[in-house]
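Accompanying notes for the structure given below.
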Amino acid sequence: MPNKRSRKNRKQKFYCPYCQTRLWRMGSPKHYIYYQQISEIQKHLHISRKKASFLKSQHNTYLDRSSWIEDFCCPQHGKIWLKISYQTNSPMQVSLASAEDWKNTTGTINPNHPNPSVSEFSYSMSRRPKIRSDHH
Ligand SMILES: [Zn+2]
């Protein structure tokens, strides 16, 4: 029965930013990052301002499916939220999720409902407990 693990060999490993211990994936949903400002879209996607404003006009908010916040667990530090970003031509970037990052996630995004109403957004945002980026 406990043999499930051997088959699923995930290549990517994550380490605690405080003690460098291997982190466990908690299997939490990925909280994808979205951008509401043209400047944010431009900066994160490395595209021209013109293209960014085009995207913005198309989507209003741009959901970045290559960046998300995910829940991990360190044996020493407990729950850790990491922000993970894939860029096509560079290694994966992992950093502690900052409060700023959290502001840009829906937390409840459902791929089948890409356009939740604004009121739903602010409702879930206002109910979200304050999350600090440091766990000490
Ligand atoms: Zn740790």
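A compact table of results
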| item | result |
| --- | --- |
| Residue match in region 45-56 (condition: open to solvent by 50 Å² or more (accessible area, probe 1.4 Å), on the phi > 0 side of the Ramachandran plot and either of a type outside the set (A, V, I, L, M) or out of contact with any Asp or Glu (no Cβ under 9 Å at 6 or more places or on another chain) (or both)) | yes |
| Any chance I131 is open to solvent by less than 100 Å² (accessible area, probe 1.4 Å), in a loop (DSSP other than H, G, I, E, B) and modelled with pLDDT of 90 or more | no |
| Residues of region 72-98 classified as farther than 18 Å from M26 by Cα, open to solvent by less than 60 Å² (accessible area, probe 1.4 Å) and not in a strand (DSSP E or B), total | 1 |
| Pairs where the first residue, in region 14-30, is more than 8 Å from the ligand (Cβ to nearest atom) and of a type in the set (A, V, I, L, M, F, W, C) and the second is part of a loop (DSSP other than H, G, I, E, B) and at pLDDT 90 or above, C-beta under 6 Å, 6+ apart | F14/L23 |
| Output for region 13-41, where each listed residue is of a type in the set (S, T, Y) and in a loop (DSSP other than H, G, I, E, B) | Y18, T21, S28 |
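The values are calculated or read from the model by the stated rules, or taken from the named source; none is laboratory data. Because the structure is a prediction, the values reported are computed rather than measured. A quick note on method: Cβ atoms are made from the backbone with ideal geometry, for glycine too, and the neighbour counts reach across all protein chains shown. Heavy atoms of the whole protein, side chains included, go into the accessibility calculation; ligands, DNA and RNA do not. Shrake-Rupley method; radii C 1.70, N 1.55, O 1.52, S 1.80 Å.
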